[in-house]
1. Report those helices (runs of 4 or more DSSP H) wholly inside region A:571-628 carrying at least 2 residues which are within 13 Å of RNA strand B (Cβ to nearest atom) and closer than 25 Å to residue A:506 by Cα.
2. Just to be sure I understand the filter: pairs with C-beta atoms under 6 Å, separated by 6 or more residues or on different chains, first member in region A:674-685 and without any contact (Cβ under 8 Å) to a residue 40 or more places away in the chain and assigned to a helix (DSSP H, G or I), second member more than 8 Å from RNA strand B (Cβ to nearest atom) and among the aromatic types (Phe, Trp, Tyr). Which pairs pass?
3. Can you tell me how many residues in region A:111-152 are away from RNA strand B (no atom under 16 Å from the Cβ), farther than 19 Å from residue A:167 by Cβ and charged (D, E, K, R)?
4. Does residue A:155 satisfy the condition of being within 13 Å of RNA strand B (Cβ to nearest atom) and either surrounded by 14 or more Cβ atoms within 10 Å (Cβ to Cβ) or under 22 Å from residue A:199 (Cβ atoms) (or both)?
5. Only one of these conditions is not met by residue A:352: (1) touching a strand residue (DSSP E or B) at 6+ places or on another chain (Cβ under 9 Å); (2) closer than 30 Å to residue A:407 by Cβ. Which number is it?
6. With respect to residue A:93, is the statement that it is in contact with an Asp or Glu (Cβ under 9 Å, 6 or more places away or on another chain) and near RNA strand B (Cβ under 8 Å from one of its atoms) true?
7. Of the residues in region A:484-497, how many are crowded, with 16+ Cβ neighbours inside 10 Å, under 16 Å from residue A:397 (Cβ atoms), within 11 Å of RNA strand B (Cβ to nearest atom) and not aromatic (Phe, Trp, Tyr)?
8. Step by step: first the residues of region A:507-547, then only those that are outside any helix (DSSP H, G or I) and modelled with pLDDT of 90 or more, then the one that is surrounded by the most Cβ atoms within 10 Å (Cβ to Cβ). Which residue is that?
Amino acid sequence: KEVFIRLYQEGLIYRWDYIINWCPRCKTALSDLEVEYEQIFVKFYYLKYPLKESDRFITVATTRPETMLGDTAVAVHPEDERYQDVVGKRILLPIVQREIPVIADPFVDMTFGTGCLKITPAHDFNDFEIGLKHHLEQIRVIDDAGRMNKNAGPYHGMDRFECRNQIVEDFKRDGVLAKIEDYRHMVGHCYRCKTIVEPTLSLQWFVKTKPLAQHAIRAVQEGRTRIIPSVWEKTYFEWMENIKDWCISRQIWWGHRIPAWYCDSCGQTIVSKETPPSCHSCHSNRLTPETDVLDTWFSSALWPFSTMGWPKETKLLKRFYPTSVLVTGFDILFFWVARMMMMGLKFMNDVPFKDVYIHGLVRDEKGEKYSKTRGNVVDPIDLIDRFGADTLRFTLAALTMPGSDLKLSESRTEGYRHFANKIWNASRFALMNLNDLHPKTMVIHLSPEAFSLPDRWIRGRLNHTIREVKRSLENYKFHEATHLLYQFIWHEFCDWYLEMIKLFLYQEGDKQMKELTQQTLLEVLESILKLLHPFMPFITEEIYQHLPSQKDHESIMISKFPEPDPDYDDEEIEDEMNLVIEVISALRNIRGEMNLPPGQQIIGLFRTMEKELEQKLRRNQSFIRSLAQVKELKIGKEMERPLYGAFVGVREIEVFVPLERSHMEEEVKRLQKEIIRIEKESSLLKKKLSNEQFLSKAPPEIVQEVKEKALAFQNQQERLEESLNKIKRILG
RNA sequence: GGGCGGAUAGCUCAGUUGGGAGAGCGCCGGCCUUACAAGCCGGAGGUCGCAGGUUCAAUCCCUGCUUCGCCUACCA
């Protein structure tokens, strides 16, 4: 009421006989946004109107012949040579026998139809405007229920579509129907009941939106409100700049009643918060209250401040206006966001929110928008039953790409259910191995050097993950955050870290090393759970409560979000770990390609001239042995290549695996495949390096990088070929 | 009619200061290895829609075209 009255007093709300979209079934006015346009196939009728005092006819074309009963003119283009002589003449409208003028208006498209446009000001938007311009009479022929009214003469009481058929029949009978064509066009339907809407002249309440929109435009231009992703800004501006006055009255029985009364004696309109005792101007006490209610979006537009106690200056209002972010779908950018902007700026003198995050819509498998009416909605409860609430939440976050819709994919959902399961199992493994850990004895501050390679590595990777996840969240890139977490948890934490630390956890040897490992395991798992918690609230809370570090059972959701620990940003450790991973992968590759089952133990021979690499290999022998299932490792400068064996190059290391003679055929194939791959890469780089332009114009660090790569590839290729030749010689 | 977005592996889609082509699912081969077979290990698979242009260098920037989709509109 407060808002309505203030706007009314400022002249921003007015009541006017205007052309609006009307739903004859719901019997209410509809705003532009409540009308859905849909393509339908109809007939295009050519009607012959007789010119008065002449035997000529003017032919007009229409898809709605029943509206001819309300015609008050026929318009032609002022420059249309075909009709120069008839402008100003009069037409005797068939059936109702009304005299109407032929007028000239540049709005008419000479190339469309016959170039003659019938004008029905009371039942067409354009005709209404033309009617105002030419002071034409407005004659309603269709009533609020979609029936022909008394102005329709013989058709009075007929349904509008029934009347359409009858009029066509009558025109045919009278020989004034020129022709009928098939035609398809967009027709407005009521968004609620899907009935074809009827543009109708009607007395309604309107808000003058132009003055409100100006401020809303400027707020976004000046960045006081950011729309994310920014592509939607353009849509927002487009709409705001072309905004039309907003019809806010609805003839339905639910909603806020418009606070207005009409004096039965003098016709005065009274807008007031309370029921007025009498008319302000004639003092009559015979007042009729307005029965129209407000468009639901009118009240929704007030949400950011009316929910905080406005118009009182409450603490809540001070604290929560403006809010930081509004998250919503683009489909209500205009319905709601734009209106909240306008009302917020008007009544609070400030934007209602700093950021508007526009996400896509979840669509069905065919990519169609969910619709309550069509019933193609996927029930989230059903998905939760089948996949789990955490899985669904994570999946939605992962599939949400800013600026585009998502088709809910069941295979992706299933993949993330596996991920949730993986987390569960990994945590079970961790908890099993932490049950003898007493947090009290945990060493709080130890230098990184005290920890094992995998410990230092995983903490470094955790740092990286924390930073990237935070960055993604700050930029509303939820899919990036989920991908980062998936990758880190599954492929770094589970695949490598957990596998490697089994050495320390299972072996009853170095007790201190075991405790340090347990400490890292606990801390990293705890961080993982916290990072994951926004995406998988239930499983993370459940596991978190079982961690030995959580004795007071506070919820994970109020725990501190993880921060990176710079002590563990260590490139050398990362590099050493990568070497270990590369070596293990190389051995696994041989095993896989040679079809050697894991049960079959192999021996690894490592030849390298570089002291540092040799040391690193020696340091990490136990990891290599355990993860690559190698029973014996031999490392050194003078390592002989075995007579029958597979070869893989890792950096400056030659890795050999002794095999049987019978494997050699397979090895030849493997080497050839590898050589082809390397050659392809290598030739591309060589081509680059032989290009003078590249050498002189590309940034030096890029050139250097390419040179190094080319050299490495060449080395690799030579050794592969050497290996291949040796085998060929042996095999004869 | 106007505007916007997409076209990348068999499918669904990621990929911005231009230099490495990627993920999930599916597919092929090998494994019940004491957290997990809803799993582990290895592997195959792509002139990044087409044609030009800019650049030493284009999936990425520019132009045109083909094609799919969305929003929007006052051709009666």
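1. On the way: elements: A:571-593, A:611-619, A:621-627.
So the answer is A:571-593, A:621-627.
2. Partner pairs satisfying both residue conditions: A:681/A:713; A:682/A:713.
3. Adding up the residues that qualify gives 2.
4. Details: within 13 Å of RNA strand B (Cβ to nearest atom): no; either surrounded by 14 or more Cβ atoms within 10 Å (Cβ to Cβ) or under 22 Å from residue A:199 (Cβ atoms) (or both): yes.
Considered against the rule, which asks whether it is within 13 Å of RNA strand B (Cβ to nearest atom) and either surrounded by 14 or more Cβ atoms within 10 Å (Cβ to Cβ) or under 22 Å from residue A:199 (Cβ atoms) (or both), residue A:155 comes out as no.
5. Every listed condition holds for residue A:352 apart from (2).
6. Numbers: in contact with an Asp or Glu (Cβ under 9 Å, 6 or more places away or on another chain): yes; near RNA strand B (Cβ under 8 Å from one of its atoms): no.
It is false that residue A:93 is in contact with an Asp or Glu (Cβ under 9 Å, 6 or more places away or on another chain) and near RNA strand B (Cβ under 8 Å from one of its atoms).
7. Restricting attention to region A:484-497, the residues satisfying the condition of being crowded, with 16+ Cβ neighbours inside 10 Å are A:484-486, A:488-489, A:492-494, A:496-497.
So of that shortlist, the ones also under 16 Å from residue A:397 (Cβ atoms) come out as A:484-486, A:488-489.
Restricting the remaining residues to those that are within 11 Å of RNA strand B (Cβ to nearest atom) gives A:484, A:486, A:489.
Retained after the next criterion (residues that are not aromatic (Phe, Trp, Tyr)): A:484, A:489.
So the answer is 2.
8. So in region A:507-547, the residues outside any helix (DSSP H, G or I) come out as A:507-510, A:533-536, A:547.
Checking the rest, the ones that are also modelled with pLDDT of 90 or more come to A:533-536, A:547.
Values: A:533: 19, A:534: 19, A:535: 21, A:536: 25, A:547: 19.
By that ranking, first place goes to A:536.
The values are calculated or read from the model by the stated rules, or taken from the named source; none is laboratory data. The shown structure was predicted, so the numbers you read here are calculated from the model rather than taken from an experiment. Note: ideal-geometry Cβ built from the backbone for every residue, glycine included; neighbour counts use all protein chains shown.
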